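The structure appears right after this line, and notes come after that.
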Number of protein chains: 2
Amino acid sequence: MNNIFSWLPENTDEEVFEDIVKGKHVRIERIVSHGHSSPRTGWYDQTENEWVMVLSGSGLLSFENGDEVLLEKGDHLNIPAHAKHRVAWTAPDEPTIWIGVFYS
Amino acid sequence: MNNIFSWLPENTDEEVFEDIVKGKHVRIERIVSHGHSSPRTGWYDQTENEWVMVLSGSGLLSFENGDEVLLEKGDHLNIPAHAKHRVAWTAPDEPTIWIGVFYS
């Protein structure tokens with residue numbers, strides 16, 4: 001057993017991605033952001049679908065089609081494969097903890 | 001976008017299971033318990049693996065091999081397929097909200 005709020009990375013210079021589950025058709029990641037936006041240039045253009053939820057902090061997702069979605073604690077969203085998006089903003093004053101479930 | 005803490009079921013007589021994502025190889029469920037234990041008799045004996053996390057409240061998982069795991073806010077656990085288990089107890093005084101990711 002682990003706790004999603006525990007063992008937060010000490011180095012907050014970079015966004016940190018950790019695998020929690022790695023299966024044949026699914027990958028569950030914890031992502032911890034500290035005011036980061038990502039990717040630095042361009043968009044995420046993923047071959048897998050991603051279900052994402054924010055557990056603490058907040059983050060703003062921007063989509064290539066112009067949509068913007070602010071996710072706060074407990075907010076979750078399904079991002080279909082190839083829906084180009086980026087993390088435009090995350091809370092600067094606290095860690096933003098995300099769970100991402102990537103699936104085909 | 002939805003919030004995992006919103007739209008809690010009004011009827012708390014039964015444990016409530018809702019699909020959030022239903023893919024070919026993955027299913028994400030929200031489960032809301034109010035002092036329930038389940039299944040009523042016997043064990044869950046699942047053909048899929050399940051990654052489970054408690055988001056509020058608390059729940060005690062019992063395994064056929066004698067292991068007991070108390071999950072509180074943020075605690076998460078991977079349950080391999082066919083690891084027989086049951087929910088032996090959940091908090092009686094508040095909703096216990098679980099996320100279950102079932103995957104093959």
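The values are calculated or read from the model by the stated rules, or taken from the named source; none is laboratory data. On a predicted model such as this, the values are computed, not experimentally measured, just so you know. Counting neighbours? That spans all protein chains shown, and the Cβs are built from the backbone with ideal geometry, glycine included. Note: accessible area is taken over every heavy atom of the protein model, side chains too, but ligands, DNA and RNA are not part of it. Shrake-Rupley method; radii C 1.70, N 1.55, O 1.52, S 1.80 Å.
Here are some notes:
- Closest approach of any chain B Cβ to the axis that rotates B onto A belongs to B:His25, 2, distance given in whole Å.
- When all protein chains stay in place and ligands, DNA and RNA are ignored, the 1.4 Å accessible-area order of A:Glu68, A:Glu18, B:Glu50, largest first, is A:Glu68, A:Glu18, B:Glu50.
- Shielded residues, the stretch B:1-48 - accessible-area loss of 20 Å² or more between chain alone and all protein chains, probe 1.4 Å: B:Met1, B:Asn2, B:Asn3, B:Ile4, B:Phe5, B:Ile20, B:Val21, B:His25, B:Val26, B:Ile28
- Exposure ranking of B:His34, B:His82 by accessible area [1.4 Å probe, largest first]: B:His82, B:His34
- Chain B - percent relative contact order, Cα under 8 Å, separation 6 or more: 35
- Cα-based Lys pair tally, the protein assembly as shown, threshold under 18 Å, eight or more apart or on separate chains: 4
- Cα gyration tensor of chain A - equivalent ellipsoid semi-axes, whole Å, descending: 20, 18, 12
- Comment: the Cα-to-Cβ extended label point of A:Asn65, at 7 Å, lies 4.6 nm from its counterparts in the other copies, nearest first.
- A:Ser56 accessible area, assembled protein chains, probe 1.4 Å, Å²: 30
- Accessible surface calculations at 1.4 Å, restricted to protein heavy atoms, place chain A at 51 Å² per residue.
- Taking other residues whose beta carbon is less than 15 angstrom from the beta carbon of A:Arg86, and scoring Lys, Arg as +1 and Asp, Glu as -1, yields -4.
- In a simple Cβ point-charge model (Lys, Arg +1; Asp, Glu -1; nothing else charged), the stretch A:36-86 has a dipole of about 180 debye relative to its Cα centre.
- Mean shadow area of the stretch B:1-56, taken as a quarter of the surface of its Cα convex hull (nm²): 5.0
- Accessible area of B:Met1 in the full protein assembly, 1.4 Å probe (Å², nearest 10): 120
- Once all protein chains are placed together, B:Ser104 keeps about 60 Å² accessible to a 1.4 angstrom probe.
- Summed side-chain charge close to A:Trp98 - residues other than A:Trp98 whose Cβ falls under 14 Å, Lys, Arg +1, Asp, Glu -1: -4
- The same position A:Glu14 in the other copies lies at 4.9 nm from this copy, comparing label points 7 Å beyond Cα toward the beta-carbon, shortest first.
- Within the shell of other residues whose beta carbon sits under 14 angstrom from the beta carbon of B:Arg27, the net charge comes to -2, with Lys and Arg scored +1 and Asp and Glu -1.
- Farthest positive-ward along the protein assembly as shown dipole, Cα basis, beta-carbon charges - from A:Thr41, A:Ala83, B:Phe5: A:Ala83
- Each chain gives up part of its surface: B and A jointly bury about 2300 Å² of accessible area, both sides summed, for a 1.4 Å probe.
- Highest-MSF residue in chain B out of B:Glu14, B:Glu48, B:Glu72 [GNM, Cα springs under 10 Å]: B:Glu14
- Whole-percent carbon and sulfur share, accessible surface of chain B, 1.4 Å: 47
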